[in-house]
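The values are calculated or read from the model by the stated rules, or taken from the named source; none is laboratory data. As the structure is a computational prediction, the values presented were derived from the model and not from experiment. We place every Cβ from the backbone using ideal geometry, glycine too, and count neighbours over all the protein chains shown. SASA here: full protein model, heavy atoms, side chains in, ligands and nucleic acids out. Shrake-Rupley method; radii C 1.70, N 1.55, O 1.52, S 1.80 Å.
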Amino acid sequence: YWHRSVVLITHVSENVVKGDLEMEVPDEQLARGRNRGRWSYRGVLLNRVTNLLILNDNSTIIEEQQQQQTDLVYKGEGWRIQRGGDLLGLDSSEGAEFVCLHHLDRSDPTVRVASTKLVGDLSWMTLTDAQSLCKQHPTKVNPNDFLIFGGHCKWRPGQLEVEMGDDRNEWLALSVDGTSIWEELQQHQQSCQSKINDKGKDVGHGLLQAGTDMWRHYLDLIDMAESRATE
């Protein structure tokens, strides 16, 4: 699940040592181990696009296999979604939690009031708020202005530090500006859409390959060989 994944950290506890009490995720979805039921870091996977659409009723999910489904996106009736993590994710029996990333102008008060700033002009808001904006301001905002993620990931106090430590080296930390992140996501979406539109191909394999390409691009930014990153 986490193989060659790219994660954007969206929330950091004010006290990373003790963490915050987990108030959202059902107990059965929480991993066993020390500090279970608390979290210090939260994020979303950036490179796990699906061929799924969620309709405006927020309860119907369909596969984007035909032009009819693709048209729903351009009509503002369907929203492309990707896997944001294993907690409250697309496979959750409790239902998925959907959040949206966007790069809209935060000087617009209608955007600013519904958004939480992450870095630069990159922000997030709930899917419900994004749908409301599109409905109220259809000439200014449309579903293609958002990237929708089902689920998220979290690390318990001390967990991420261990996973990044010299003994494990499971993660690399990069500092990237919001515009660069958004541009990378847009390119990734275009690549994934071409995989979905490529009839007769294994769509799932193609989407995973596109996700790996994003991972490799971030390695290139820090001039790290793939062999070193996976050793």
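General remarks:
- Within the range 30-52, residues that are closer than 17 Å to Gly151 by Cα and without any contact (Cβ under 8 Å) to a residue 60 or more places away in the chain have Cβ atoms under 9 Å from residues that are β-branched (Val, Ile, Thr) and surrounded by 19 or more Cβ atoms within 10 Å (Cβ to Cβ) in these pairs: Leu52/Ile81, counting only partners at least 6 apart in sequence or on another chain.
- Number of positions in the range 1-19 that are assigned to a strand (DSSP E or B) and surrounded by fewer than 18 Cβ atoms within 10 Å (Cβ to Cβ): 3
- Considering residues of the range 117-135 that are more than 15 Å from Asp145 (Cα to Cα) and touching a residue at least 12 places away in the same chain (Cβ under 8 Å) only, the residue farthest from the chain's Cα centre (by Cα): Gly120
- Identity of the residue in the range 172-212, in a helix (DSSP H, G or I) and open to solvent by 80 Å² or more (accessible area, probe 1.4 Å), that ends up farthest from Phe146 (Cα to Cα): His205
- Filtered by the rule that a residue be of a type in the set (Ser, Thr, Tyr) and either over 19 Å from Val119 (Cα atoms) or in contact with a His (Cβ under 6 Å, 6 or more places away or on another chain) (or both), the range 177-210 gives Ser191, Ser194.
- Selection status of Glu28, in a helix (DSSP H, G or I), modelled with pLDDT of 85 or more and on the phi < 0 side of the Ramachandran plot: yes
- Contact annotation: no residue pair with Cβ atoms under 6 Å, 6 or more positions apart or on different chains, pairs a residue in the range 213-231 that is farther than 14 Å from Leu46 by Cβ and open to solvent by 30 Å² or more (accessible area, probe 1.4 Å) with a partner that is in a loop (DSSP other than H, G, I, E, B) and not aromatic (Phe, Trp, Tyr).
- Sub-8 Å Cβ pairs linking a first residue in the range 191-212 that is farther than 27 Å from Ala229 by Cα to a second residue that is open to solvent by 40 Å² or more (accessible area, probe 1.4 Å), at least 6 apart or interchain, are Lys201/Lys195, ordered by first then second residue.
- Residue satisfying all of: in the range 20-29; of a type in the set (D, E, K, R) and free of Cβ contacts under 8 Å to residues at least 24 places away in the same chain; most open to solvent (accessible area, probe 1.4 Å) among these: Glu28
- Members of the range 179-212 that are of a type in the set (D, E, K, R), within 16 Å of the chain's Cα centre (by Cα) and either modelled with pLDDT under 95 or under 11 Å from Val6 (Cβ atoms) (or both): Glu184
- Checking each residue in the range 17-64 for being within 17 Å of the chain's Cα centre (by Cα) and of a type in the set (Gly, Ala, Ser) picks out only Gly43.
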